[in-house]
Amino acid sequence: MTEVRLHIYDVTNSDSDKTNNTIVQINKIFKDGIGLGGIFHSAVQVYGEEEWSFGYCEQGTGVFSCPPGKNPMYTYRECIILGRTDFSIFKVNQILRELSREWPGHSYDLLSKNCNHFCDEFCEKLGVSKLPGWVNRFANAGDTAAEIVGNTAFRLRQAKTEIVSASKVAYRFLAGVASNSPESPGNTRGTPRFQGTWFKNLVSNGAKPSSSSELENEEASLNRLQKRQDAETQLRRDPRDDI
């Protein structure tokens with residue numbers, strides 16, 4: 001049985017001193033001040049004088065080691081004891097070999113698969129406590145936000161597809177109505193206001209006004225057509241209707 005330690009760093013690997021100082025201040029305020037979280041790098045030490053973590057590389061595994069608390073890329077912050085593992089050094093090395101295969105460097109993602117996620121999984125396999133929530137809270141919150149945005153975009157695309165499908169069904173339905181509409185100009189009392197031929201032509205031509213001026217032109221045409229129909233109706237009226 002041996003102790004498992006978590007080494008935590010402030011992420012200060014930017015080329016800009018101003019950016020690095022800003023991150024340190026953020027961590028002081030949000031972690032030290034209110035205990036919420038911050039921007040941290042972590043590594044796990046178990047057996048020997050090495051800590052294990054995960055980072056990006058183009059080829060090969062992203063799992064790497066360095067002396068405890070001595071990662072030159074970051075500013076060391078603190079050490080937390082996570083518990084004790086019952087595994088032998090042989091078993092721990094076997095776990096590390098498995099993780100090395102499962103965590104290639106190119107799969108690194110700042111929000112969903114970073115060093116803190118790796119340490120969480122390593123600790124789970126060792127049978128000790130996972131990382132304190134504040135260590136990776138900012139990344140988890142960002143990943144959740146990204147997932148929500150992604151789901152929302154998917155739902156919008158899905159809704160758009162459903163609207164288009166519904167429009168096509170409605171279009172086919174209207175086309176069917178137009179083709180089945182009775183045309184009887186002589187029977188003015190039972191004639192629809194817009195006769196079948198005109199409506200059928202409207203649907204088959206795919207009238208899709210794309211501007212207000214086109215809508216106005218169509219409305220004017222409809223009015224002229226209606227007036228013409230009313231005039232024809234008046235001429236066809238039976239004189240006996242006036243008695």
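Below are the figures for this structure:
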| read-out | value |
| --- | --- |
| Hits in the range 97-107 (condition: in a helix (DSSP H, G or I) and surrounded by 17 or more Cβ atoms within 10 Å (Cβ to Cβ)) | LEU99 |
| Scope the range 29-40; condition surrounded by fewer than 20 Cβ atoms within 10 Å (Cβ to Cβ) and at pLDDT below 90; matching residues | PHE30, ASP32, GLY33, ILE34, GLY35, LEU36 |
| Qualifying residue in the range 44-53 (condition: surrounded by fewer than 19 Cβ atoms within 10 Å (Cβ to Cβ) and not in a loop (DSSP other than H, G, I, E, B)) | no |
| THR2 being in contact (Cβ under 8 Å) with a residue 40 or more places away in the chain, within 28 Å of LEU126 (Cβ to Cβ) and over 32 Å from the mean Cα position of the chain (by Cα) | yes |
| Odd one out for VAL63 among (1) surrounded by fewer than 14 Cβ atoms within 10 Å (Cβ to Cβ); (2) within 16 Å of TRP103 (Cα to Cα) | (1) |
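The values are calculated or read from the model by the stated rules, or taken from the named source; none is laboratory data. Keep in mind that this is a model prediction, so the values were computed, not measured. Using ideal geometry, Cβ is built from the backbone for each residue, glycine included, and neighbour counts are taken over all protein chains shown.
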